[in-house]
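Q: If you scroll down you'll find the structure; I have some questions about it.
The values are calculated or read from the model by the stated rules, or taken from the named source; none is laboratory data. The model shown is predicted, which means the values in this text are computed figures rather than measured ones. Virtual Cβ from ideal backbone geometry, glycine too; neighbours counted across all protein chains shown.
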Amino acid sequence: MKRHFYSIIFKLLIIQYLSVVCLCATVDDFDFFYFVQSWPGSYCDTKRSCCYPKTGKPASDFGIHGLWPNYKDGSYPSNCDPDSVFDRSQISDLKSELQKSWPTLACPSSEGFKFWSHEWIKHGTCSESVFDQHEYFEAGLKLKEKFNLLQILKNAGIKPDDEFYELESISDAIKEATGFTPGIQCNVDSSRNSQLFEIYLCVDTSGTEFIECPLLPKARCDSSVQFPKF
Ligand code: AMP
């Protein structure tokens, strides 16, 4: 009888332990990714300015800012794994691709590891159920290759020439070419002109397929925005 009692207690403890483990495994889950690319001209011409990376001025192209796990309600997890350390040796094979497509513009000038470490620790660690560190950066690079945003805009007559363009025409051009409605963020240059800064596209939780955004970030743009030269 006593043995039976202890066996039941033991089983209950196992069930409790498993439910805690399952709960922990889903805590860092999320609903979709924002894949965010920035226009370097708009990062650099603000009051804060920028520093070109040690490899020199980046190409006149959108650069990856990050791949960010998000929830459908607009909130997002961050810094999910206090035990995770950024290990630069894990992405040494991707370094030159990252410098081309995911360039740092932060000051002081650097190779880029500080920026990539920030993105991994703040956002990447919240997708550890999908990606390890190497896979996270590889996924970002692959996503960028799927759509050439600058070419899409140029095809629609929207060029980085310091001219102003209707926000709606930027959004329409991207929607037409990709099939997905983009989120668009603006910032202001040193003369307070509203300018095209970041383009958000949404990606499913596998980190490979673009999807229609469950929620778009609130645009802080004028209806007409400048597309600065770079
Ligand atoms: P996040 O924390 O991922 O939202 O990114 C914001 C931080 O990343 C800020 O400190 C920005 O200054 C920095 N940041 C954004 N874009 C770049 C870039 N292209 N190069 C370097 N730092 C950047």
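Q: Within the range 108-124, does at least one residue satisfy the condition of being away from the ligand (no atom under 12 Å from the Cβ) and either out of contact with any Gly (no Cβ under 6 Å at 6 or more places or on another chain) or outside any helix (DSSP H, G or I) (or both)?
A: No, there is no match, as no residue in the range 108-124 is away from the ligand (no atom under 12 Å from the Cβ) and either out of contact with any Gly (no Cβ under 6 Å at 6 or more places or on another chain) or outside any helix (DSSP H, G or I) (or both).
Q: Another question about this same structure. Name the residues in the range 63-89 that are touching an Asp or Glu at 6+ places or on another chain (Cβ under 9 Å) and under 22 Å from Pro228 (Cβ atoms), would you?
A: Correct list: Ile64, His65, Gly66.
Q: On to the next question. Criterion first (closer than 30 Å to Ser129 by Cβ, in the same structural domain as Glu128 (by TED's automatic domain parsing) and part of a loop (DSSP other than H, G, I, E, B)) does Pro160 satisfy it?
A: no
Q: Which residues, counting only those in the range 205-218, are surrounded by 15 or more Cβ atoms within 10 Å (Cβ to Cβ) and not in a strand (DSSP E or B)? Break it down into steps so the answer makes sense when it comes.
A: Going through the range 205-218, the residues surrounded by 15 or more Cβ atoms within 10 Å (Cβ to Cβ) turn out to be 205, 207, 210, 213, 215-217.
Of everything in the range 205-218, those that are surrounded by 15 or more Cβ atoms within 10 Å (Cβ to Cβ) and not in a strand (DSSP E or B) turn out to be Thr205, Gly207, Cys213, Leu215, Leu216, Pro217.
Q: Taking the range 93-107 as the region of interest, how many residues are more than 10 Å from the ligand (Cβ to nearest atom) and either surrounded by 19 or more Cβ atoms within 10 Å (Cβ to Cβ) or closer than 24 Å to Pro40 by Cβ (or both)?
A: Of the residues in that region, 8 qualify.
Q: Next question, about the same structure. Scan the range 48-58 for residues that are touching a residue at least 24 places away in the same chain (Cβ under 8 Å), at negative phi and over 21 Å from the mean Cα position of the chain (by Cα) and report the count.
A: Adding up the residues that qualify gives 2.
Q: Step by step: first the residues of the range 173-204, then only those that are in contact (Cβ under 8 Å) with a residue 12 or more places away in the chain and part of a helix (DSSP H, G or I), then the one that is surrounded by the most Cβ atoms within 10 Å (Cβ to Cβ). Which residue is that?
A: Taking the candidates together, the pick is Ile174.
Q: Right, next: From Glu128, Glu168, Glu145, grab the single residue that is away from the ligand (no atom under 16 Å from the Cβ), within 22 Å of Asp204 (Cα to Cα) and exposed (fewer than 14 other Cβ atoms within 10 Å of the Cβ). I'd like the intermediate steps shown before the answer.
A: Values: Glu128 fails: exposed (fewer than 14 other Cβ atoms within 10 Å of the Cβ); Glu168 fails: within 22 Å of Asp204 (Cα to Cα).
Just a single option satisfies the conditions, and that option is Glu145.
Q: Also, quick follow-up: If you scan the range 143-161, which residues turn out to be of a type outside the set (Lys, Arg), out of contact with any helix residue (DSSP H, G or I) (no Cβ under 9 Å at 6 or more places or on another chain) and farther than 21 Å from Leu67 by Cβ?
A: Asp161
Q: Another question, if that's okay. Given the criteria surrounded by 12 or more Cβ atoms within 10 Å (Cβ to Cβ) and in contact (Cβ under 8 Å) with a residue 12 or more places away in the chain, does Asp61 qualify?
A: Details: surrounded by 12 or more Cβ atoms within 10 Å (Cβ to Cβ): yes; in contact (Cβ under 8 Å) with a residue 12 or more places away in the chain: yes.
Here the answer is yes, as Asp61 does meet what is asked.
Q: Moving on. If I filter the range 89-96 for residues that are in a loop (DSSP other than H, G, I, E, B) and in the same structural domain as Ser190 (by TED's automatic domain parsing), do I get at least one hit?
A: no
Q: Go through the residues of the range 184-199 one by one and say whether even a single one is among the aliphatic types (A, V, I, L, M) and touching a Phe, Trp or Tyr at 6+ places or on another chain (Cβ under 7 Å).
A: Yes - at least one qualifying residue is present in the range 184-199.
Q: Follow-up. Being part of a loop (DSSP other than H, G, I, E, B) and of a type in the set (Val, Ile, Thr) is the filter; apply it to the range 34-82 and report the residue that is farthest from the ligand (Cβ to nearest atom).
A: Thr55
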